[in-house]
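Take a look at the structure below.
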Amino acid sequence: MKYFISGANGQLGKEIRDSAKEYKNSEFDFFGRELDICNKTELDNYFLENKNFDYFINCAAYTDVEKAEQEPDTALDVNYKSLKNIIKVCNDHDITLIHISTDFVFDGNKKSSYNEEDAPNPISVYGDSKFKGEQLISDNCMKYIIIRTSWLYSRYGNNFVKKIIDISRKNDRISVVSDEIGTPTNAADLAKDILFIAEQKLQKNSKTISKLYHYSNVGSISRYEFAREIIKTAGIDCDVVAVNSDHFNFMAKRPKNSILDQSKIIKEYALHIRSWDDSLKECIKNLASDEK
C-alpha cells in the first residue's frame, strides 16, 4: 500500500504520521509546504517521477475561519482551486482521493444532528470554500472519499483544546460561547480510522465507491461545556463564564449547531469510535507528557 499525504505538518497530518508507524508493510510520503499543491506543474512532476500510489490523503487546508473573511482569495486557492490539481493527479494515476472537509459547510439551523443527506448552506468564507472543494471533487474525481469532521483537536498544532489550556493557566476566569453545539474530534482517532478504512478496502479488494461521510467522536456538547471539561481534566483552577457568540466581535459566522451524525461511517466500516470525553482525556494526558 502506498500513500501520499499533503498537509503533513498540520495536526491531522502529524497524527497520520504517528498512526502510520503501525503499518510496516505500507509506504508513506508526507509533504507539507515543501510541495505546493497549488502548483500544477510541481505536483504533476512529482507523480510522474513517483509511481503506484493507492491513496492521496489531502489534509492540506486553509483553516483560519476569521482570517478567511479578510483573505477570501487565499482560502479559495487552497480549499478549492488546489483540488483541480489534486483531482487531475488522482484521475491520471488511478489514485483514490481521501479528502477532509468540515462541519462549517452547514448553516447550523437544523435542530438535530446533520447527516450526509442534509443540504449544505455555508455562512462563512471558510465554509463556502470547503463546500466548493467538495463539489469539485464529487463532480470530477473518479475515486474519492470525502470525510467531514468537526471541532478537530490534537496534541499537535493550534486548536481549541490547547488554546483553552493556555488561556486558563494565565487567567482566573475566561468566557466561552455556550450557544454553539457540536461534536469534538480527536485528530488521533480520525487519523487511525482513515488508515483503517483505506487498508480495509484494499485488503478486501473492494471496489471503491465514491462516498461522503461524517466523522467525529461520539456525543455532543457546547463550546462552554467542552471548555469546562478541558480545564477540569487538565487540573487547572479557572472559572468559565458562559456567553453568547455575539459577545465576541467575530467576523465569521459560525454554525450554532454542527452536530454530526457518524452512523453511516460506523456501520459501513464497523468502526468503534470513542466518546468525546474519553478521547479528550487521552489527548490531555499526552499533552502533559509532552510538557515534561
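What follows is calculated from the coordinates using simple rules that are stated; it is not laboratory data. Note that the structure is predicted; figures quoted are calculated from it, not measured. Methodologically, a virtual Cβ is constructed for each residue, glycine included, from the backbone with ideal geometry; neighbour enumeration extends over all protein chains shown.
Summary table below
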{"item": "Matching residues, the range 82-135, being under 25 Å from Tyr3 (Cα atoms) and hydroxyl-bearing (Ser, Thr, Tyr)", "result": "Ser82, Thr96, Ser101, Thr102"}
{"item": "Residue count, the range 269-292 (criterion: assigned to a helix (DSSP H, G or I) and surrounded by fewer than 12 Cβ atoms within 10 Å (Cβ to Cβ))", "result": "3"}
{"item": "Candidates Asp179, Asp166, Asp172, Asp139, filtered to the one that is touching a Lys or Arg at 6+ places or on another chain (Cβ under 8 Å) and among the acidic types (Asp, Glu)", "result": "Asp179"}
{"item": "Residues of the range 115-138 satisfying the condition of being crowded, with 19+ Cβ neighbours inside 10 Å and charged (D, E, K, R)", "result": "Asp128, Lys130, Glu134"}
{"item": "Search result, residues across the range 67-98 that are of a type in the set (Ser, Thr, Tyr) and assigned to a strand (DSSP E or B)", "result": "Thr96"}
{"item": "Residue that is nearest to Ile236 (Cα to Cα), among those in the range 154-186 that are outside any helix (DSSP H, G or I) and among the β-branched types (Val, Ile, Thr)", "result": "Ile174"}
{"item": "Pair list, Cβ < 9 Å and 6+ apart or interchain, from the range 251-273 residues that are closer than 14 Å to Lys192 by Cβ to residues that are of a type in the set (D, E, K, R) and surrounded by 16 or more Cβ atoms within 10 Å (Cβ to Cβ)", "result": "Ile265/Asp193; Tyr269/Asp193; Tyr269/Lys201; Leu271/Asp193; Ile273/Asp189; Ile273/Asp193"}
{"item": "Hits in the range 33-52 (condition: touching a helix residue (DSSP H, G or I) at 6+ places or on another chain (Cβ under 7 Å) and not β-branched (Val, Ile, Thr))", "result": "Leu35, Asp36, Cys38, Lys40, Leu43, Asp44, Phe47"}
{"item": "Count - residues of the range 121-143 that are over 21 Å from Lys253 (Cα atoms) and either outside any helix (DSSP H, G or I) or not aliphatic (A, V, I, L, M) (or both)", "result": "7"}
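Per-residue answers, yes or no, for (1) in a helix (DSSP H, G or I); (2) under 24 Å from Ser19 (Cβ atoms):
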residue: Ile145; (1), (2): no, yes
residue: Ala188; (1), (2): yes, yes
residue: Lys192; (1), (2): yes, yes
residue: Leu212; (1), (2): no, yes
residue: Ile230; (1), (2): yes, yes
residue: Val241; (1), (2): no, no
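Table: residues versus (1) of a type outside the set (Gly, Ala, Ser); (2) exposed (fewer than 14 other Cβ atoms within 10 Å of the Cβ); (3) in contact (Cβ under 8 Å) with a residue 60 or more places away in the chain.
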site	(1), (2), (3)
Arg17	yes, no, no
Phe30	yes, no, no
Leu35	yes, no, no
Tyr46	yes, no, no
Val65	yes, no, yes
Glu69	yes, no, yes
Asp73	yes, yes, no
Lys81	yes, no, no
